[in-house]
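Student: I am attaching a structure below and will ask some questions about it afterwards.
The values are calculated or read from the model by the stated rules, or taken from the named source; none is laboratory data. Since the model is a prediction, treat every value here as computed from it, not as a measurement. We place every Cβ from the backbone using ideal geometry, glycine too, and count neighbours over all the protein chains shown.
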Amino acid sequence: MKSNSNSNQIFDARIIGTFFLFAFLAYGFGRPFFESTNNPVKYLGVLLIVANSVMVLFIGILLRKTLNLYNPLVGNIYLFTRIFEALALLTIFLSRSVSGNPGYVLAMLVLGIGSIPMCLTLLKYKIVPSWLGIWGVMGYAVFAFGYFTELFGKAWSMYLLGLGGFWEVAFAIWLIVRSSNNVKTITT
């Protein structure tokens with residue numbers, strides 16, 4: 001598990017990083033497309049949101065392989081977090097809108113809370129640089145707080161999601177670039 005540089009590795013790092021980026025893009029474009037009144041555009045939005053849900057599910061499955069080596073409970077929490085997020089985001093189709101959708105709010109709240117232990121594990125075992133681990137913990141804590149306020153009618157999440165959102169992009173890029181030299185793949 002250790003590399004020559006004495007840093008721990010993340011299994012399937014490039015794939016996970018790619019899924020983080022593509023999920024970010026799929027939801028980012030899928031949401032406004034889904035809220036369109038133009039049916040072909042709306043259907044494209046549906047496909048992108050479904051693709052996002054599939055990708056976040058695979059992020060949880062793949063990252064769990066690494067997390068289980070250090071803390072199986074955290075690995076399971078993170079997998080549950082991503083399963084919940086994927087399923088809760090699909091409830092958007094039931095309400096036919098993202099705005100004010102309780103499934104979306106709960107998906108993001110659970111994502112924020114469930115990702116904090118993952119970031120703490122990455123930080124504790126020096127799987128990522130300290131600055132990236134600390135940024136993840138802080139970003140997801142602020143992110144979760146923003147969506148927690150939504151449960152009480154305060155629309156603060158929009159102002160508090162940047163730190164966590166930018167962390168996901170930075171983490172994805174770090175996984176792709178930094179880990180490209182020493183990626184391990186587990187075969188089951």
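Student: May I ask you to say which residue of GLY139, GLY112, GLY165 is within 29 Å of LYS42 (Cβ to Cβ) and at pLDDT 95 or above? Full working, then the answer.
Tutor: On the way: GLY139 fails: within 29 Å of LYS42 (Cβ to Cβ); GLY165 fails: at pLDDT 95 or above.
So the residue among GLY139, GLY112, GLY165 that is within 29 Å of LYS42 (Cβ to Cβ) and at pLDDT 95 or above is GLY112.
Student: Does PHE152 satisfy the condition of being outside any helix (DSSP H, G or I), aromatic (Phe, Trp, Tyr), surrounded by fewer than 18 Cβ atoms within 10 Å (Cβ to Cβ) and modelled with pLDDT under 95? Write out each step before concluding.
Tutor: Details: outside any helix (DSSP H, G or I): yes; aromatic (Phe, Trp, Tyr): yes; surrounded by fewer than 18 Cβ atoms within 10 Å (Cβ to Cβ): yes; modelled with pLDDT under 95: yes.
For PHE152, the condition - outside any helix (DSSP H, G or I), aromatic (Phe, Trp, Tyr), surrounded by fewer than 18 Cβ atoms within 10 Å (Cβ to Cβ) and modelled with pLDDT under 95 - is met.
Student: For ILE77, are the conditions met, namely being within 28 Å of ASN101 (Cα to Cα), assigned to a helix (DSSP H, G or I) and at pLDDT 95 or above?
Tutor: On the way: within 28 Å of ASN101 (Cα to Cα): yes; assigned to a helix (DSSP H, G or I): yes; at pLDDT 95 or above: yes.
In short, yes.
Student: Please indicate, with yes or no, whether at least one residue in the range 49-64 is touching a residue at least 12 places away in the same chain (Cβ under 8 Å), assigned to a helix (DSSP H, G or I) and of a type in the set (Ser, Thr, Tyr).
Tutor: Taking the range 49-64 and keeping what is touching a residue at least 12 places away in the same chain (Cβ under 8 Å), we get 49-64.
Narrowing further to those that are assigned to a helix (DSSP H, G or I): 49-64.
Next, only the ones that are of a type in the set (Ser, Thr, Tyr) stay: 53.
The answer is yes, given that some residue of the range 49-64 is touching a residue at least 12 places away in the same chain (Cβ under 8 Å), assigned to a helix (DSSP H, G or I) and of a type in the set (Ser, Thr, Tyr).
Student: Another one. Report, by residue number, each residue of the range 1-41 that is at pLDDT below 90, assigned to a helix (DSSP H, G or I) and either surrounded by 15 or more Cβ atoms within 10 Å (Cβ to Cβ) or small (Gly, Ala, Ser) (or both).
Tutor: ARG31, PHE34
Student: In addition: In the list ALA107, ALA88, which residue meets the criterion of being free of Cβ contacts under 8 Å to residues at least 24 places away in the same chain, of a type outside the set (D, E, K, R), part of a helix (DSSP H, G or I) and buried (at least 23 other Cβ atoms within 10 Å of the Cβ)? Steps first, please.
Tutor: Working: ALA88 fails: buried (at least 23 other Cβ atoms within 10 Å of the Cβ).
Result: ALA107 is the single residue among ALA107, ALA88 that is free of Cβ contacts under 8 Å to residues at least 24 places away in the same chain, of a type outside the set (D, E, K, R), part of a helix (DSSP H, G or I) and buried (at least 23 other Cβ atoms within 10 Å of the Cβ).
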